[in-house]
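Chemist: Next up is a structure, given as structure tokens.
Just so it is clear, none of the values below were taken in a lab; they were calculated from the coordinates. In this text, all values refer to a predicted model and were calculated from it rather than measured experimentally. Don't worry about glycine lacking a Cβ; one is built from the backbone with ideal geometry, like all the others, and counts go over all protein chains shown.
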Amino acid sequence: MTTTERRPAPGDDHEYGLLDIDDFVQGDGSAGHAGLPRTIIGWLSTTDHKALGIAYIIASMTFLLIGGALAGIMRAELAEPGLQVVSAETYNSIFTIHGSLMVYLFAVPFGFGLANYLMPLQIGAPDLAFPRLNAFSYWLYVIGGTIMLLGFLADGGPADFGWFAYPPLSGAAGSPGLGADLWIVAILLTGTSGTLTAVNVIATVTMMRTPGMTLFRMPILTWNLLVTAFMVLLAFPVLSGALLMLLADRQFGTHFFDPVNGGSPILFQHLFWFFGHPEVYIVALPFFGVVTEVFSVFSRRPTFGYKGLVLATLTIGALSTSVWAHHMFVTGEVVLPFFALTSALIAVPTGVKIFNWIGTMWGGSISFEAPMKFAIGFLVTFVGGGITGIMLASPTIDFHLSDSYFVVAHFHYVMGGTVVFAMFAAIYFWWPKVTGRFLSERLATIHFWLLMVGFNMTFFFMHFLGRDGMARRTADYPDIGDFHLWNLIASLGYVVLVLSFIPFGISVVQSFRRPMTAGADPWHANTLEWATTSPPAEHNFSWLPPIRSERPVFDFRWLNYEDVGTAGYSDAWLARQDHDGQWFPLHQWSRHPDEEPTAASGPQEQPGPGQRPRDETPEQSP
Amino acid sequence: MIAGTTGRIVAAVPALAPPVTDQADEMDRVWNLFLWIGLAVLAFVVVLVLYVIIRYRRRSDQLPRQKHYNIPLEITYTAIPLVVVLALFAVTFVTVNAVVDPADQTPDLVDDVTAFQWQWSFGYPDAGVTVVGGPSDDVPELVLPARSTVQFDMQSLDVVHSFWITAFRFKHDIIPGTPSSFTVDIGDQAGDYPDAGVCAEYCGLDHAFMRFAVRVLEPDEFDAWLADQVARAQSTEADT
């Protein structure tokens, strides 16, 4: 199926009586590159949320590629028992930087990229609340990431104490090199960047929503970004504090974590995981938001149980602050039942989300464009990782599996696979919005299946390795049992994973050689970012539809659908009215048989600020 | 290529040793329970997803029913996972207490485990001997008597290590400055588990090679082995 076939022709829409959003936005729905800087100086000095959003995503995907390349060295080394490719010392640096890049510099900042680009569009705002602060946090992040990578040039190589930097190993005696200090400074800078972005997101969502956009009419992605921002505010400063103490131990002779002088290594573990577990949800929640949008659009259904879903997100945010010590079950220093219970309980709101997603698709009219494929891939991968998560939440099982390859498999399912699947769902979904062009559906299908096969080949067999006793973070393993076989499969799986990026790369290059035909709303989507040109012009909107539910664009498009309001197809109309007392159809000639809405039977729509009705709309000239 | 340098690729002997302690039996029981429930949940969700994407694939351009909420259904799919999770927690709670606080706390044998970058030593304070090397000299060997209660007193000389015996299905971090201990009841089976001992917490350069062997002897054999170690230690002392 080619892109041109997939896209419904505008003429078809009109036959169904659908409104075409393109008729309402200025121009032909394609604004060229209006709004994006054109020069290098322009990019370096921009404060525009869309430019910075793109910059975040490009930077984070660059770190993904570097981290992925480092993983390639690890898989090459582990393909066979014995040390062949790199020394143990190099291997230790590589897995440290791989983990740090993926967690601190890829997964979280990609979410910030989504927050930057999409969140103002979704709430009908022209920019974030503090554009210059936003630019500042972006550059802090890039500088921090660069400083971490500079460790490769440092005497003694980059940090090699793992991405959670447990002292005393990360102390001055355990890791004397400059690379360790560079690593700490890098995380301090990116942590500060994240905290500032969180402030910005919260200020924007609370203060800059367009009139009519109540909290319960916000898109789920915006909800999730808001909850994420609160979790960042709670978690990142704790990490920054712990790392400042570590830096002081290393450089200024303090003894916070130095057991020889009465310091407490376990204190660092508590502080780190108080950040570290909310971090998991800081990574995941924006991607949960992405797939929620995708499921709804491609099933042509509202998000099932919207309020329950928001409640589940809030519950996850709240519970995530009281589960940290499940990373420390084997230290013998924590109250096992309490943290086992909270960790197990977090499965409930997560399960609710999964059922809400399935409920969204249930009874829908599902089409399988690229974003939907990747969203379904996300769902299956995420359930797989969730199951092992419940296992690890039980100390009885964790005693054996903690710090083994089972854990490596688990968090690559929940933080690797789900993030990458949802990331590509987001890229394929919003690519037409950001660029005005389509990505190839055919290449996307190849991409999806290669990713699915490659990902599961790489990580599934690590469950067996961990259960059978292979510890994580080991440059070598004994040639016992099936260790060699499973490691070899994982390494071959990595090759497939790398191959999966090739069709995507080709698709991106091809896309930029195509004309900008996407129009404002190619997917027949729900939320406000589709009510502007593709790409959006500077300051985003010249017109906004009325906002009466969490799907203003959907409501607007289907309003004049000739069958909406007739028996058999009235559910959309009724469902909106049932759940939203303020909803009232714009058009005055609805043909609903039971209830003929008139100006007297409900509140008359008044165009609000930002809802400038056009002089001539299709409503008046059908 | 698949045959590789080792000459074989599919192993005859599994890498994971059988459980050798009473606690390990308990933990394997919980593992099996969680595994089967987990697989059932996974299968349920995957089947549900497959059903939905086949049954509700787009057949026409008609707008499907726009259903926002079904409160009874939502309560159901919140309550059932909650019940399952609480039941699993109850199982965990009982087992954890049995494992962490065994009823019989008087050990037959105390073993001093000392971890340091990147090696282990195992001391038997009652007999006054310490074993650093094993038969192959580079992999130390932990020798334990069957049918006995053993208490491990652990300390680290430098960084955080983790004392993982896969045959125990148990590990315990060893944090410098914080001596700690745990007790297990060794079962009836004597056996030799050369790959059962692992340092699980990343501890620097040679972490990957910080392994040890585990051997469980019949109690009388163990006493003979320990007497032999004492004699050897004394003769080494006499030599020097």
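Chemist: In degrees between 0 and 90, to the nearest 10, how far off the longest principal axis of chain A does helix A:49-78 point, with axes built from Cα atoms?
Modeler: Between the helix axis and the principal axis of chain A, the angle is about 40 degrees.
Chemist: On C-alpha positions alone, give me the angle between the axis of helix A:131-150 and the longest principal axis of chain A, in degrees, nearest 10.
Modeler: 30 degrees
Chemist: Once the Cα atoms of helix A:220-251 and of chain A are each reduced to a long axis, what angle between those two axes, in degrees from 0 to 90 to the nearest 10, is obtained?
Modeler: 20 degrees
Chemist: Using a cut-off of 14 Å between beta-carbons, work out the net charge of the residues near A:VAL334 (Lys and Arg +1, Asp and Glu -1, A:VAL334 not included).
Modeler: -3
Chemist: Continuing with this model, one more query. Quick one: which residues, 5+ away or cross-chain, put their amide H under 5 Å from the amide H of A:THR517? H built at 1.01 Å from N.
Modeler: Placed amide hydrogens put A:PHE438 under 5 Å from A:THR517.
Chemist: Here's something else I'd like to know. May I ask you to order B:92-98, A:169-175, A:118-124 by the average number of other C-beta atoms within 10 Å around their residues, highest value first?
Modeler: A:118-124, A:169-175, B:92-98
Chemist: Among B:THR95, B:ILE53, B:ALA79, flag the residue with its Cα farthest along the positive direction of the charge dipole of the stretch B:22-100, charges on Cβ as +1 for Lys/Arg and -1 for Asp/Glu.
Modeler: Highest projection toward the positive end goes to B:ILE53.
Chemist: Using each residue's phi in the stretch A:482-498, evaluate 6.51 cos²θ - 1.76 cosθ + 1.60 at θ = phi - 60° and report the 3J(HN,Hα) Karplus result to the nearest Hz, with x for Gly and Pro.
Modeler: Values, residue by residue: 9, 3, 5, 4, 5, 5, 5, 4, 4, 5, 5, x, 4, 4, 4, 4, 5 Hz.
Chemist: Please work out the FRET efficiency for the pair B:GLN234 and A:VAL86, using the Cβ-Cβ distance as r and a Förster radius of 45 Å; give the result to the nearest 0.05.
Modeler: Calculated value: 0.50.
Chemist: Please give the residues of the stretch A:135-161, grouped as numeric ranges, whose backbone N is less than 18 Å from a label point set 7 Å along the Cα-to-Cβ vector of A:ILE40.
Modeler: A:143
Chemist: Something else about it: Just tell me, in residue order, which DSSP H segments of chain B are both 27 angstrom or longer along the helix axis (alpha-carbon based) and at least 1.6 in mean Kyte-Doolittle hydropathy.
Modeler: Span-like helices in chain B: B:71-100.
Chemist: Here's another thing I want to ask about it. From the mean inverse distance of alpha carbon pairs (Kirkwood) and the Cα radius of gyration, derive Rg over Rh for the stretch B:90-130.
Modeler: A ratio of 1.18.
Chemist: When the dipole is taken about the Cα centre of the stretch B:99-217, and only Lys, Arg (+1) and Asp, Glu (-1) are charged at their Cβ, what size is it in debye, to the nearest 20?
Modeler: 180 debye
Chemist: Highest mean first, how do B:70-80, A:455-465 rank when packing is the count of other Cβ atoms within 10 Å averaged over residues?
Modeler: On the way: B:70-80: 14.2, A:455-465: 21.7.
The most tightly packed comes first, giving A:455-465, B:70-80.
Chemist: Roughly speaking, what is the stretch gain from B:ALA98 to B:LEU86, that is 0.36 nm per residue apart minus the C-alpha to C-alpha distance, in nm to one decimal?
Modeler: Contour length minus the Cα-Cα distance gives 2.5 nm.
Chemist: Enumerate the amide H contacts of B:ALA196 below 5 Å, restricted to partners 5 or more residues apart or on another chain; note that Pro and chain-start residues carry no placed amide H.
Modeler: It is B:VAL214, by chain and number.
Chemist: Another one. If one computes the Cα centroid of the stretch A:373-441 and of the stretch B:165-219, what distance in Å separates the two points?
Modeler: 32 Å
Chemist: Compute the distance from the alpha-carbon center of the stretch A:91-143 to that of the stretch A:206-258, in whole Å.
Modeler: 12 Å
Chemist: Also, I was wondering about something else. Just the number, please: Stokes-Einstein D of the protein assembly as shown in µm²/s, Kirkwood Rh from C-alpha pairs, 20 °C, 1.002 mPa s.
Modeler: 74 µm²/s
Chemist: Here is a follow-up. Suppose each label sits 7 Å from its Cα in the direction of the beta carbon; what would the A:ALA154-A:LEU311 distance come out to in nanometres?
Modeler: Each label point is offset 7 Å from its Cα along the Cβ direction, giving 4.9 nm.
Chemist: Once you put a point 7 Å from the Cα of B:ASP188 and another 7 Å from the Cα of B:ASN32, both along the Cβ direction, what distance in nm separates them?
Modeler: Result: 1.7 nm between the two label points.
Chemist: Other chains near B:46-58: what is the mean number of their Cβ atoms within 10 Å of each residue's Cβ?
Modeler: 6
Chemist: Using a 10 Å Cβ count of at most 15 others and DSSP loop calls, identify the longest part of chain A lacking such trypsin sites (Lys or Arg not before Pro).
Modeler: A:39-512
Chemist: Other chains near A:162-171: what is the mean number of their Cβ atoms within 10 Å of each residue's Cβ? Could you put the intermediate results ahead of the total?
Modeler: Working: counts 5, 0, 1, 0, 7, 3, 8, 11, 1, 1.
Mean partner-chain Cβ count within 10 Å for A:162-171: 4.
Chemist: Tell me which residues come under 5 Å, amide H to amide H, from A:SER404 once H is placed; ignore anything under 5 positions away on its chain.
Modeler: Residues meeting the amide H criterion: A:ARG472.
Chemist: Along the stretch A:101-113, what does the Karplus equation 6.51 cos²θ - 1.76 cosθ + 1.60 (θ = phi - 60°) give for ³J(HN,Hα), rounded to whole Hz, x for Gly and Pro?
Modeler: Listing the rounded values in order: 4, 5, 7, 7, 10, 10, 5, 5, x, 4, x, 5, x Hz.
Chemist: Let me ask you something else. Show me the chymotrypsin sites (Phe, Trp or Tyr not before Pro) within the stretch A:243-289 that DSSP assigns to loop and that have at most 13 other Cβ atoms within 10 Å of their Cβ. Each step should come with its number before you reach the end.
Modeler: Values: sites: A:PHE252, A:PHE256, A:PHE257, A:PHE268, A:PHE272, A:TRP273, A:PHE274, A:PHE275, A:TYR281, A:PHE287, A:PHE288; in loops: A:PHE252, A:PHE256, A:PHE257.
The qualifying sites are A:PHE252.
Chemist: Just tell me how shielded A:459-470 is by partners: mean number of partner chain Cβ atoms within 10 Å of each residue's Cβ, no decimals.
Modeler: Per-residue shielding by partner chains comes out at 3.
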